[in-house]
Each structure stands twice: as C-alpha cells, then as structure tokens.
Amino acid sequence: MKTIKELKEERAALAARMSQMLDVAEEREAKGFTAEERAKYDGLKKEYETLDERIALREEDEARAAASARRIGGDAGKTAEERAARHQEELRSTFIDYVRGAVTKPDIKEEMRAELFTGTADNQVIIPKLIADKVVHALKSTGTFLESIDLVITESAIPYTKSTLNTTDKALKKLAEGDANTTDKVKFEGVSFSAYDYVTPIFPIHIALLEGTSVDVEATIVEAVTQCVSRGLQELATRTGTGTNDIKALLTAATKGFTSAEGTAVTYDELVSLMSSVDNAYGNTERGAFMMNSATLAAVMKIADKNGRPIFLTDLQTGSVSRILGRKVIINESMPDIAAGAKPIAFGDFKYYHLRMVRGIRLTVFKEKYAEKLQVGFMGHVRADGNLVDAGTHPVKYLEMAGA
C-alpha cells in the first residue's frame, strides 16, 4: 500500500503534466486543446481528483489514529514542534541501531520503515533529518564553492524548471492612440532539472567498531560518505559533468569572457578584462566574485607592478588575498590549474548555478557481502542535477588560457 507521501508525489506529477499540456496549448496561435488532447487532459484530471480523495481519506484516518494515541497519553500536552522533534530523535536512534546491527528491518515499526527505507530494498536506508542536517552542513563546510552556489534539497525527484526571462534588449515604445502594440513578445524560457544517480565507493567497516557503543556512528560512517559525496558533487558541478543525463558543469555552461595572451600566466589586465566582460548586475561588489583553485590564487598573488610590488594586498590575518579588484575570492580546488587551453578562473554571480539534491544522501548497507571478513559495507547514494540558470545575459564567464 502506498504511503501518503507517495500518493502526494504521484498527484504532483499529474499536476505537472496537466500544467505542461496547458502551456503547450496556450503557445499555439489557435489556442485551446484538440479533441484528442482534451480527452487526455480530462483523464489526467480524473486521476488527480481520485488521488486527491484517497489522500484526504488517508489523512483523516491518520488524524484519528493520532488523536487516539494522544488520548492514551503518549504525546499528551506536547506541542507539534515537540512531537516532531521526538519523532526525529526516534528515527535517528532507529537508524543508528540498524546500522550497528542491533535491529533488522522487520524489527522496526511500520511507520518508521516507510521513512527510513527506499522501496522494498532491505539495505537502502535514508539518513534521518537530524543527521541529514549535519550532512548538509558538512557538504557546505568542505570549501566555499558549495556555499557560493544555489544548493537546494527537494523531497521528491519530480523534474522541475527554473524560469528565465530576458528583457535586456527590450525598451519602451511610444504607442499612439488607436495603434496596436507590434513590439516583439518577451518569451519565458527555462532550465530544466531532473535527478541522476551517483554513488560513492563502498566503505567496509569492522563490526567491532559498530558494536561498540562508544563509537560515534555518525562520525564513523556518515561523515566519511558525506566528504566523498561533497568532493564528487563539487567536481561534477565544476568541470566534469557532461550535461547529458548528467549534471552540467559550471565551466561547460558558462560563457568565455576573455582569452589570455599566454598559456602559462595571468596578468592584471586580463583579470580586469574578465571582470568587465560580465554585466555589472552580476559582477558588482555585492554579487560578483572570482573563483579559482589555491594554486591559481598563489599565481595571482605574485602579480607585481613595475617596481616589483604585489598589486593585490594580502589579508593581515590569513596571509592570503581575499579580494581581487574589490570582489571576493571563492576557492574551489576542482577548478583547473593554469595551463594552455585551461579555464582556471571564473567570474560572476555563482548563485545562478543551481544544484539540486533529492532527500539528501542515502546509505546502502551491505551486511552479507563482507561478512566473512567481519565487516559491514556502506555506500553513499545521491540523486542530483545541476546547471547554470542563464537567461541569455551570462551571469558567469571564464578566462580561457591561450592554446598550446
């Protein structure tokens, strides 16, 4: 039997299909549905209404069960926030017990199984929110790249579109009385986001570590998997994602702003040219930033004036350059080094790069695969997609080094 959450996801998918059909019909000059489209739309609408009714009945049933439980005295007198916190703590405790091997899937209460496990698999467990919050924090703490982009976590894997609208070449036009408006229409477009599967290597851990109550399971397993996912997502989102059934890398989606004169060195003038190639709406002192790896930053720090004095001042506390041409510096070790044909520096507003994850990170637990070695294997699994949301005004551009 499907859970309420699964029914709602199914209903949302139907709503998205109906909305898409309406958009297609509106774009045609004749407007409106064909007879075939009308029949299909009415069928979807009927399915939607049936699901709506099923969800309402299930929610009423759950509300009655919850009210009965309160009368018995379980959560009597507690606020909704307190009950939610207690539930999350119980999920966390159950997750850790399962990972340690203290309980099996059949031992876990039915309502918790629905939240902790994906599908019918006995070894795919979802990290609970209390731990997942730490996971997201850890993802952002590995460097300034993931803090600088638009990173979101969605509950469902339903594809969606980030709308774009480019009005930069449109201006006011005088309209005389009685004349028709013949100005070109401004068209809404968008960047679509799906969800693709990515996995980490398997981490085998000796059962003695898991069985000891003094061992922090979160630190032992979750953090190891998290760091692996973080590095992988950063690499995909920066330069290796192909965009074909895959995350689209920032350096693939961005536009070239300037080409250097040499393949092995960056000059002050080239940094100025890269910055000025980006519209000030994205490159101003509040939103604009340079992105590069630490080796490239070291090379930039050595740029000197004609008297041999460094052009960019170092921070007295960190000993590094935190701003270039008044714009902050984002360190991303996945950016390429300075080399012929490489793209070592990007500039612009990186909040326009959208990275979507579905329900955070899952763990697959292999209890039998390594049993003869007295080990349990753990594999991280994440569903994600990413792309630069560009309305045609190019919020991020890169410096390309001269070819070999």
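The values are calculated or read from the model by the stated rules, or taken from the named source; none is laboratory data. Here the structure is a predicted model, which means the values were calculated and not measured. As a convention, Cβ positions derive from the backbone with ideal geometry for all residues, glycine included, and neighbour counts pool all protein chains shown. Surface accessibility is based on the protein's heavy atoms, side chains included, excluding ligands, DNA and RNA. Shrake-Rupley method; radii C 1.70, N 1.55, O 1.52, S 1.80 Å.
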- request: Determine the per residue accessible area of the chain with all protein chains present and a 1.4 angstrom probe, expressed in square angstrom.
  value: 56 Å²
- request: Any chance you could run the full-extension gain for A56 through R86? It's 0.36 nm times the residue separation minus the Cα-Cα distance, nm to one decimal.
  value: 8.3 nm
- request: Holding the Cα-Cα limit at 18 Å, pick out from K248/K351; K302/K351; K134/K367; K162/K248; K328/K397 the pairs that are longer than that.
  value: K302/K351; K134/K367
query: Using a simple spin-label model with points 7 Å from Cα along the Cα→Cβ vector, what separation in nm is obtained for A402 and A295?
result: 2.1 nm
statement: So, with points 7 Å from each Cα along the Cβ direction, the A340-T393 label distance in nm works out to 3.9 nm
query: Under a straight-distance cross-link criterion of Cα-Cα below 19 Å, which aspartates and glutamates are reachable from K373, leaving out those fewer than 8 residues away in the same chain?
result: E211
field: Förster radius 30 Å - calculated FRET efficiency between A114 and D23, Cβ distance, rounded to 0.05
entry: 0.30
- request: Using a Gaussian network model of the chain whose springs link C-alpha atoms within less than 10 Å, name the residue from R17, R92, R100 with the highest mean-square fluctuation.
  value: R17
field: Segment N245-D150, length gained on full extension (0.36 nm per residue, minus Cα span)
entry: 32.2 nm
message: Under the rule of at least 5 residues apart or a separate chain, name every residue whose amide H is placed under 5 Å from the amide H of S322.
response: D315
query: Based on the alpha-carbon gyration tensor of the chain and its eigenvalue square roots a ≥ b ≥ c, which shape applies: rounded if a/c is under 1.5, prolate if not and a/b is larger than b/c, or oblate?
result: oblate
- request: With r as the distance between the Cβ atoms of K328 and D107 and R0 = 56 Å, compute the FRET efficiency 1/(1 + (r/R0)^6) and round to 0.05.
  value: 0.65
task: Based on a Kirkwood Rh over C-alpha pairs, give the Stokes-Einstein translational diffusion coefficient of the stretch 5-53 at 4 °C and viscosity 1.567 mPa s in µm²/s.
output: 114 µm²/s
- prompt: Between N280 and Q317, what is the label-to-label distance in nm when each label sits 7 Å out along the Cα-to-Cβ direction?
  reply: 3.0 nm
- request: Would you please state the base-10 log of I(q)/I(0) at q = 0.13, 0.14, 0.20 1/Å for the stretch 288-376, with intensities from the Debye formula using one equal scatterer on every alpha carbon?
  value: -0.62, -0.66, -1.00
